[in-house]
Amino acid sequence: MSEIVKTALLDRSMKEVFDWSDSDTPVRDALWDYFMESNGHNTDKTEEAMLPFMSDSDDKIIAFVNENLKK
């Protein structure tokens with residue numbers, strides 16, 4: 001039996017998860033864009049930075065986004 005990865009939060013739009021956002025961008029894409037900007041658009045480094053979010057709890061992801069993406 002294959003392992004199920006719980007990533008539902010990552011697939012929801014920013015405005016669905018965060019009351020401070022009006023973006024229709026999925027949380028996953030917002031994080032990807034954040035890491036691409038912060039590491040000089042290096043896809044390999046961005047992929048590596050995104051890996052923990054595939055298994056992190058929703059609370060941990062929300063805390064990271066609030067700390068780093070909230071403007």
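Going through region 41-53 one residue at a time, which ones are closer than 17 Å to ASN68 by Cβ and either free of Cβ contacts under 8 Å to residues at least 24 places away in the same chain or not in a helix (DSSP H, G or I) (or both)?
Going through region 41-53, the residues closer than 17 Å to ASN68 by Cβ turn out to be 45-46, 48-53.
Once the filter is applied, which keeps residues that are closer than 17 Å to ASN68 by Cβ and either free of Cβ contacts under 8 Å to residues at least 24 places away in the same chain or not in a helix (DSSP H, G or I) (or both), region 41-53 yields LYS45, THR46, GLU48, ALA49, MET50, LEU51, PRO52.
Under the condition of being assigned to a loop (DSSP other than H, G, I, E, B) and in contact with a strand residue (DSSP E or B) (Cβ under 9 Å, 6 or more places away or on another chain), which residue from region 21-40 is surrounded by the fewest Cβ atoms within 10 Å (Cβ to Cβ)?
Once the filter is applied, the top-ranked residue is ASP24.
Would you point out the residue of region 41-71, among those that are within 16 Å of LEU10 (Cβ to Cβ) and open to solvent by 70 Å² or more (accessible area, probe 1.4 Å), that is modelled with the lowest pLDDT?
Taking region 41-71 first, the residues within 16 Å of LEU10 (Cβ to Cβ) are 46-47, 49-66, 68-69.
Filter once more, keeping what is open to solvent by 70 Å² or more (accessible area, probe 1.4 Å): 47, 51, 55, 58-60.
On the way: GLU47: 96, LEU51: 95, SER55: 90, ASP58: 94, ASP59: 95, LYS60: 96.
Only one residue fits best here, namely SER55.
The values are calculated or read from the model by the stated rules, or taken from the named source; none is laboratory data. Quantities reported herein were computed from a predicted structural model and do not represent experimental measurements. Methodologically, a virtual Cβ is constructed for each residue, glycine included, from the backbone with ideal geometry; neighbour enumeration extends over all protein chains shown. Protein only, heavy atoms only, side chains kept; ligands, DNA and RNA dropped before computing areas. Shrake-Rupley method; radii C 1.70, N 1.55, O 1.52, S 1.80 Å.
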